[in-house]
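Trainee: Once you've had a glance at the structure underneath, I'll fire off some questions.
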Amino acid sequence: MTVLVWDGKSFAADKQSTVGGQRNKVTKIFRLHDGIVGLMGDGPHARALLNWFKTARADGEFPAKPADSEYGASAVMVTNDREIRVYSTTPHYEVIEDVRGAWGCGRDYALAAMHLGCDAQRAVEVAIELDLFCGVGIDVLTLEDA
């Protein structure tokens, strides 16, 4: 499970992957030439999405959800100009017009923490403390000011 948090400057994520009741440590946020992308959901599908983000991003090459995965993976990208894009089942994204956001199973805790003045890293820390499916560490990437 996952929590991804964007506070307007930094993108933070927990590092927990849960497979068959076992917790594993993984990286969920990655710097690209045009922004930062965070991944959540099915691990192998998330890796395929990451590869798609790192290449030409052709519509016809968007990785389909595996047949044996109930949900597949999703991605949140924050571009260098701070546009928040949410990708689900197609290469066509939804633009989120908020300054900040949180996604994944720990999102409610993270949003509450940010509402109370916390930055992305602290919001993930709060989600880890309160959500059983978040944990195993934190990664933080900051979008440099243009």
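Trainee: Could you grab me the full set of residues in the stretch 123-140 that are part of a helix (DSSP H, G or I) and under 22 Å from residue 79 (Cα atoms)? Before the answer, list the steps.
Mentor: Narrowing the stretch 123-140 to residues part of a helix (DSSP H, G or I): 123-130.
Across the stretch 123-140, the qualifying residues are 123, 124.
Trainee: Would you please name the residue that is modelled with the highest pLDDT, looking only at residues in the stretch 42-56 that are assigned to a loop (DSSP other than H, G, I, E, B) and surrounded by fewer than 13 Cβ atoms within 10 Å (Cβ to Cβ)? Before the answer, list the steps.
Mentor: Taking the stretch 42-56 and keeping what is assigned to a loop (DSSP other than H, G, I, E, B), we get 42, 55-56.
Subset that is surrounded by fewer than 13 Cβ atoms within 10 Å (Cβ to Cβ): 55-56.
Working: 55: 91, 56: 82.
Filtering the stretch 42-56 for residues that are assigned to a loop (DSSP other than H, G, I, E, B) and surrounded by fewer than 13 Cβ atoms within 10 Å (Cβ to Cβ), the one modelled with the highest pLDDT comes out as 55.
Trainee: Of the numbered conditions (1) under 20 Å from residue 24 (Cβ atoms); (2) surrounded by fewer than 16 Cβ atoms within 10 Å (Cβ to Cβ), residue 130 satisfies every one except a single condition; which is it?
Mentor: In the conditions (1) under 20 Å from residue 24 (Cβ atoms); (2) surrounded by fewer than 16 Cβ atoms within 10 Å (Cβ to Cβ), residue 130 misses (1) alone.
Trainee: Here is a further query. Within the stretch 66-84, work out how many residues are in a loop (DSSP other than H, G, I, E, B) and within 27 Å of residue 100 (Cα to Cα).
Mentor: First, pick out the residues of the stretch 66-84 that are in a loop (DSSP other than H, G, I, E, B): 66-72, 80-83.
The next check asks that each one be within 27 Å of residue 100 (Cα to Cα); those that pass are 71-72, 80-83.
Qualifying residue count, the stretch 66-84: 6.
Trainee: Filter the stretch 113-122 for residues that are surrounded by fewer than 15 Cβ atoms within 10 Å (Cβ to Cβ) and outside any helix (DSSP H, G or I) and give the result.
Mentor: Matches in the stretch 113-122: 116, 117.
Trainee: In this structure, does residue 110 turn out to be crowded, with 19+ Cβ neighbours inside 10 Å, of a type in the set (Gly, Ala, Ser) and either in contact (Cβ under 8 Å) with a residue 60 or more places away in the chain or in a loop (DSSP other than H, G, I, E, B) (or both)?
Mentor: Values: crowded, with 19+ Cβ neighbours inside 10 Å: yes; of a type in the set (Gly, Ala, Ser): yes; either in contact (Cβ under 8 Å) with a residue 60 or more places away in the chain or in a loop (DSSP other than H, G, I, E, B) (or both): yes.
Yes, satisfied.
Trainee: Within the stretch 11-25, track down each residue that is crowded, with 18+ Cβ neighbours inside 10 Å and part of a loop (DSSP other than H, G, I, E, B).
Mentor: 15
Trainee: Something else: If you take the residues of the stretch 89-107 that are touching a Ser or Thr at 6+ places or on another chain (Cβ under 8 Å) and assigned to a loop (DSSP other than H, G, I, E, B), which of them is surrounded by the fewest Cβ atoms within 10 Å (Cβ to Cβ)?
Mentor: 105
Trainee: Any idea which of (1) farther than 20 Å from residue 143 by Cβ; (2) out of contact with any strand residue (DSSP E or B) (no Cβ under 7 Å at 6 or more places or on another chain); (3) of a type in the set (A, V, I, L, M, F, W, C); (4) surrounded by 13 or more Cβ atoms within 10 Å (Cβ to Cβ) is the one residue 32 doesn't satisfy?
Mentor: Unmet for residue 32, out of (1) farther than 20 Å from residue 143 by Cβ; (2) out of contact with any strand residue (DSSP E or B) (no Cβ under 7 Å at 6 or more places or on another chain); (3) of a type in the set (A, V, I, L, M, F, W, C); (4) surrounded by 13 or more Cβ atoms within 10 Å (Cβ to Cβ): (1).
Trainee: While we're here: If you check 72, 137, which single one turns out to be touching a strand residue (DSSP E or B) at 6+ places or on another chain (Cβ under 7 Å), in contact (Cβ under 8 Å) with a residue 24 or more places away in the chain and surrounded by 15 or more Cβ atoms within 10 Å (Cβ to Cβ)?
Mentor: Numbers: 137 fails: surrounded by 15 or more Cβ atoms within 10 Å (Cβ to Cβ).
Being touching a strand residue (DSSP E or B) at 6+ places or on another chain (Cβ under 7 Å), in contact (Cβ under 8 Å) with a residue 24 or more places away in the chain and surrounded by 15 or more Cβ atoms within 10 Å (Cβ to Cβ) holds for just one of 72, 137, which is 72.
The values are calculated or read from the model by the stated rules, or taken from the named source; none is laboratory data. Remember, it's a predicted structure, so these values are computed and weren't measured experimentally. Note that each Cβ is placed from the backbone with ideal geometry, even for glycine, and that neighbours are counted across all protein chains shown.
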